Amino acid sequence: PPAGGAGTADGEGGLAAAHAPEALRGGLSAGAPGPAALRLAGDAMLAHAERLERLEQRRIAAARTWRLSKPPLRPPAPPKERPTLVTEPGHISGDGLPPVITRVPTEDRVVFLTIDDGAEKDPKLLEMMRELDIPYTAFLSDHVARNDYDYFRRMHADGHGIHNHSINHREMPKLSREEQKREICRQQDVLEKEIGERPTMFRPPYGAYDRTTLEVAAECGVELVPLWAEEAFVDRMEWGRGDRKFHPGDIILTHFRGPNEWKGTMPDMIRLVLDTATEQGFALARLEDYI
């Protein structure tokens, strides 16, 4: 059965844990669990393992359906202790400012997919990622997301993180302090109302920010500013390093786009990302599990 992965723990995964202790209590007076209790616990564990195997077979079939070269790799279990996040060299830092990062410090062979703005709302994206059990994180700008927050509520219900990309996607350093605060804080309020959770992450449009951006983001409750190491398009990857390879913990940027702007669809872009990651021996993990 697969190790880790969100699809292996959806409510029935604790079957053995739910039933075995009660059964074992029946044998405590004799000093050890009786044969019937052991059989019950063993049967529950076997049923759980068989169920995980069925889930993985469905995932393999989904990889064929979505025309992947190979089934995506499963990420390891999330770390029990979250890594300490500090601003990377070359970025603005200071006491009380949220860290600015392009990768998560980890030795796990995982990368993190993030999708910006919310312009294209392709139902096939939700279907594909649900069937393949692939995690990702969305950073939404209200001016393009507001016409269908139901789409992003479905995304969130599937377990994907929804975070802040400003109200109107304006370049932060060109704005006054008050304008920056409106862009960030208002979107915090909008997403809390629409999605039901107040975001903890903010990605500045175009990756452009200054010290004021970080100061007002902190005032609005932002704890992390994730930028990116690679960017994915429907027909290519743009690499941040000369070796043109993923490194453990890299954050990948892409956008909600479709045939009007790309020569392809969101599933086409996802196929490229997954095939590239799998070929290089990486799994896609959930960013919120590492921060």
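The values are calculated or read from the model by the stated rules, or taken from the named source; none is laboratory data. Just so we're clear, the structure is a prediction, and the values are computed from it rather than from any experiment. Cβ: placed from backbone, ideal geometry, glycine included. Neighbour counts: every protein chain shown. These area figures cover heavy atoms from the full protein model, side chains too; ligands, DNA and RNA do not enter into them. Shrake-Rupley method; radii C 1.70, N 1.55, O 1.52, S 1.80 Å.
Values as computed for the structure displayed
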read-out	value
Of the criteria (1) assigned to a helix (DSSP H, G or I); (2) closer than 29 Å to residue 272 by Cβ; (3) touching a residue at least 24 places away in the same chain (Cβ under 8 Å); (4) polar (S, T, N, Q), which one residue 147 fails	(3)
Residue in segment 86-100 that is within 17 Å of the chain's Cα centre (by Cα), closer than 19 Å to residue 250 by Cβ and touching a residue at least 12 places away in the same chain (Cβ under 8 Å) present	no
Counted residues, segment 246-291 - those being under 16 Å from the mean Cα position of the chain (by Cα) and among the small types (Gly, Ala, Ser)	4
Test result for residue 142, of a type outside the set (Gly, Ala, Ser) and buried (at least 18 other Cβ atoms within 10 Å of the Cβ)	yes
Selection from segment 128-139 of residues that are open to solvent by 10 Å² or more (accessible area, probe 1.4 Å) and at negative phi	130, 131, 135
Subset of segment 145-168 (residues that are in contact with a His (Cβ under 8 Å, 6 or more places away or on another chain) and surrounded by 19 or more Cβ atoms within 10 Å (Cβ to Cβ))	162, 167
Identity of the residue in segment 258-280, part of a loop (DSSP other than H, G, I, E, B) and either in contact with a strand residue (DSSP E or B) (Cβ under 9 Å, 6 or more places away or on another chain) or over 30 Å from residue 200 (Cα atoms) (or both), that ends up least open to solvent (accessible area, probe 1.4 Å)	264
Residue tally, condition open to solvent by less than 40 Å² (accessible area, probe 1.4 Å) and part of a loop (DSSP other than H, G, I, E, B), over segment 211-232	5
